[in-house]
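Have a look at the structure below, then the notes.
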Amino acid sequence: MLPTPPVVADGIALFLDMDGVLAPMAPTPDAVVPTARRTAALKAVEARLAGRVAIVSGRTLAEIDRISDHALVSGSGVHGLERRLKDGSIERKTPDAGVAQALDAFEEFAADRPGVIVEDKGVSVGLHYRQAPDEAGAAKGLAAELQAETGLTLQPGHMVLELKTPGADKGTAVTAFMQEAPFKGAVPVMLGDDLTDEYGFEAAAALGGYGVLVGPERETAARYRLDDVDAVLTWLEAVAKA
């Protein structure tokens, strides 16, 4: 069994996934909203770590800001395809031409399937079937077909399939942040819950840090584990006071 992460602040840099880590999973992406506790915990831990905190999520930067109530400046959205530096500047990959094709196909698929939601992120497109689990097989088949046709990267998540512009992931985002102030020279710690976060765990470990899995035990590159979102917020609050 994986132990809980140590409560330390000096010398670490934190990289935090959003859904399933900072915020509970919800039926639709829009159903996740800001909370006073989350916002306060993020601000407190960023102050304690002298700015060495970033949210690294599959969501867009705009969604990260909405849910976190603009608590942090540093952040990476859409699995590393967009990244905002500490000075507020934003780096964003150019959308692959295949994203538009995938968007059209996903929208056609969802048109007559109640509960299936299409999320257009510009550099990627997601097909959510949390409210229509019976469509999982058909959704996976369509996504695999489109991936083969377009060359886009297929990124499965919690009841969602995402086709994204190639060339970045959460691991590349963590690595890029660690080359810049104020993160450079710190020990990277990545908190995540699903397969997309394994890239972040691996990148953190390669740079002398570690991953923290949030949720049930499973095969993972993470070294530590926390039970759920509440446990994450409790841990962040403790780190802020360490």
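The values are calculated or read from the model by the stated rules, or taken from the named source; none is laboratory data. Since this is a predicted model, take the numbers as computed values, not measurements. Because the Cβ atoms are built from the backbone with ideal geometry, glycine has one as well, and the counts that use them run over all protein chains shown. Accessible surface is based on the protein model in full, side chains and every heavy atom, while ligands, DNA and RNA are left aside. Shrake-Rupley method; radii C 1.70, N 1.55, O 1.52, S 1.80 Å.
Quick one: what do you get for the range 102-242 if you divide its Cα Rg by 2.2 N^0.38 Å?
Normalised Rg, Cα atoms only: 1.22.
What is the P(r) of the range 200-242, as percent of Cα-Cα pairs per 5 Å bin from 0?
All Cα pairs considered, the percentages come to 6, 23, 23, 23, 20, 6, 0.
Separation of the range 39-73 and the range 163-242 by C-alpha centroid, Å?
14
If K184, K121 are ordered by their accessible area, calculated over protein heavy atoms with a 1.4 Å probe, which sequence runs from highest to lowest?
Final ranking, largest accessible area leading: K184, K121.
Quick one: what Rg and Dmax do you get for the range 1-78 from the alpha carbons, in Å?
Over the range 1-78's Cα set, Rg and Dmax evaluate to 12.8, 37 Å.
Given K121/K241; K86/K121; K43/K93; K164/K241; K43/K184; K86/K140, which pairs have Cα atoms separated by over 31 Å? Working shown, then result.
Values: K121/K241 36 Å; K86/K121 22 Å; K43/K93 28 Å; K164/K241 39 Å; K43/K184 20 Å; K86/K140 37 Å.
Check vs 31 Å cut-off fails for K121/K241; K164/K241; K86/K140.
Assuming R0 = 22 Å, can you tell me the calculated FRET efficiency for the pair L154 and E219, based on Cβ-Cβ distance, to the nearest 0.05?
Using R0 = 22 Å, I get an efficiency of 0.65.
How much FRET efficiency would the formula 1/(1 + (r/R0)^6) give for H70 and A100, where r is the Cβ-Cβ distance and R0 is 51 Å, rounded to 0.05?
The calculated FRET efficiency here is 0.95.
Which log10 I(q)/I(0) values does the chain give at q = 0.12 Å⁻¹ under the Debye formula, counting every alpha carbon as one identical point scatterer?
So the normalised log intensities work out to -0.64.
Taking 7 Å along the Cα-to-C-beta vector as the label spot, tell me the K86-A40 distance in nanometres, rounded to one decimal.
The answer from the label model is 2.7 nm.
How much net charge surrounds A9 when only other residues with a Cβ under 12 Å from its Cβ are counted (Lys, Arg +1; Asp, Glu -1)?
Here the count lands on 0.
With springs connecting C-alpha atoms under 10 Å apart, model the chain as a Gaussian network and identify which of T94, T172, T150 has the largest mean-square fluctuation.
T94
Full-extension gain between A26 and A111, please, as 0.36 nm times their residue separation minus the C-alpha to C-alpha distance.
Difference between extended and current length: 28.4 nm.
For the pair A138 and Q179, what calculated FRET efficiency results from E = 1/(1 + (r/R0)^6), where r is the Cβ-Cβ distance and R0 = 41 Å, to the nearest 0.05?
Efficiency, from the Cβ-Cβ distance: 0.45.
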